[in-house]
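Novice: Let me give you the structure first, and then I'll get to my questions.
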Amino acid sequence: IEQAVLAEAKGLVKANDNQILLGRGVRVLTSEERDYYQKLAGAMRAPDPKQALANFNVVLPETIINAIFEDITEEHPLLREIRFENAGALIRWIYSNTNGRFLAQWGPLCGDIVKQLSASFERLDLEQTKLSAFLPVCKAMLDLGPEWLDRYVRTILAEAIANGLEMGIVSGRGVATGAADPAQRIYEPIGMDRDLSQYDQVLGYAKKNPIRVEDFEPATYGQLLAQLATNRNNLYRRITRVILVVNPATYFNKVMPATTARVLDGTFNRDVFPFPTTVIQSAWVNEGEGIIGIGRNYLMAMGIGQGGRVEYSDEYRFLEDERVYLTKFYGTGRPVDNNSFLVLDLSDLKPYVPKVAVVEKTPEA
């Protein structure tokens, strides 16, 4: 009974501490996360960290990866709109390419149906591309405890990964290993602005030809969205909203004047489109261009690879009291089909001008 009471008291004290930490912006760790950071800190304190980490068999918990993704999606709205999949320690990710329109057909019991179902899936090889990030860790940081080490690690990784992800998602060229010089070979995701039907072994996927747009009137906008409403199998799909990704300068010079209207009380309504559209600013889109499409039709699968280890590096030593560690995130991304995104030429986009019509009234008798 005494042990049970002591255990309960310790649990209440811990819960109170966790509430204080949570109120101060520090994420409360799970038991698995706490165990990982305690063992990681022990390995980093070792006289020979390279040997200690080589024998470090604790895998980075999946919940930490999810927390990093949550951090970067809050700060980068484009990453919030696409479909992130945590692949954990997997090296391949299988996904459906039929946008939910694949139908079972009547016929023989097994043969044809199995063939058609197998044809409706594609594979992403996560080990073909990776994001690498260096973690400079001061030895004093290890003495602050697991919660603060977690906060530091997540902040560093989120900052390092976010821009690399956004660049690859917007305009990645894919994997192209045909160049004779290994330094010129390409290992990137396939970007939203890439044409999946035009591939070169050296240059990767070609960029789509921009569609010239002069206004966002309903007829013009509807013609653009109609191109997104069919998948590569010419099956129609329902669209409830789209995203428009533009360079910040293009937004203020072109998109904002074309989508801002003054209402009767003298104020302005901003980002007014004929169809539900979320405008996202990204520095990785060329000025004068835009990318419109179905955000959830971009699949980004990422994980920690097999092992999920943090490696020690002797090559980067900035201070004697600081050690540098390397961590790798394996993954890749691509649009689910070639009709999910369009590249727009917005250089001639005109500002919005309200139309005024004069209606002639018949004189009263």
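Novice: Return yes or no: is residue 283 modelled with pLDDT under 95 and open to solvent by 40 Å² or more (accessible area, probe 1.4 Å)?
Specialist: So residue 283 passes the test.
Quick grid of which residues meet (1) hydroxyl-bearing (Ser, Thr, Tyr); (2) at pLDDT below 80; (3) open to solvent by 90 Å² or more (accessible area, probe 1.4 Å):
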site: 313; (1), (2), (3): yes, yes, no
site: 319; (1), (2), (3): no, yes, yes
site: 324; (1), (2), (3): no, yes, no
site: 328; (1), (2), (3): no, yes, no
site: 336; (1), (2), (3): no, no, no
site: 343; (1), (2), (3): no, no, no
site: 349; (1), (2), (3): no, no, no
site: 360; (1), (2), (3): no, yes, yes
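Novice: Here's a follow-up. For region 114-145: of the residues being open to solvent by less than 20 Å² (accessible area, probe 1.4 Å) and assigned to a helix (DSSP H, G or I), which is modelled with the highest pLDDT?
Specialist: 142
Novice: Moving on to the next point. Here are 162, 176: which of them is open to solvent by less than 30 Å² (accessible area, probe 1.4 Å), farther than 24 Å from residue 80 by Cα and in contact (Cβ under 8 Å) with a residue 24 or more places away in the chain?
Specialist: Result of the check over 162, 176: 176.
Novice: Looking only at region 249-259, filter to residues that are open to solvent by 30 Å² or more (accessible area, probe 1.4 Å) and touching a residue at least 12 places away in the same chain (Cβ under 8 Å); which one of those is nearest to residue 348 (Cα to Cα)?
Specialist: Among those residues, the one meeting the criterion is 254.
The values are calculated or read from the model by the stated rules, or taken from the named source; none is laboratory data. None of the values given here were measured: they were computed from a predicted structure. Please note: Cβ atoms are built from the backbone with ideal geometry, for glycine as well, and neighbour counts cover all protein chains shown. All accessible areas refer to the heavy atoms of the entire protein, side chains included, with ligands and DNA or RNA removed. Shrake-Rupley method; radii C 1.70, N 1.55, O 1.52, S 1.80 Å.
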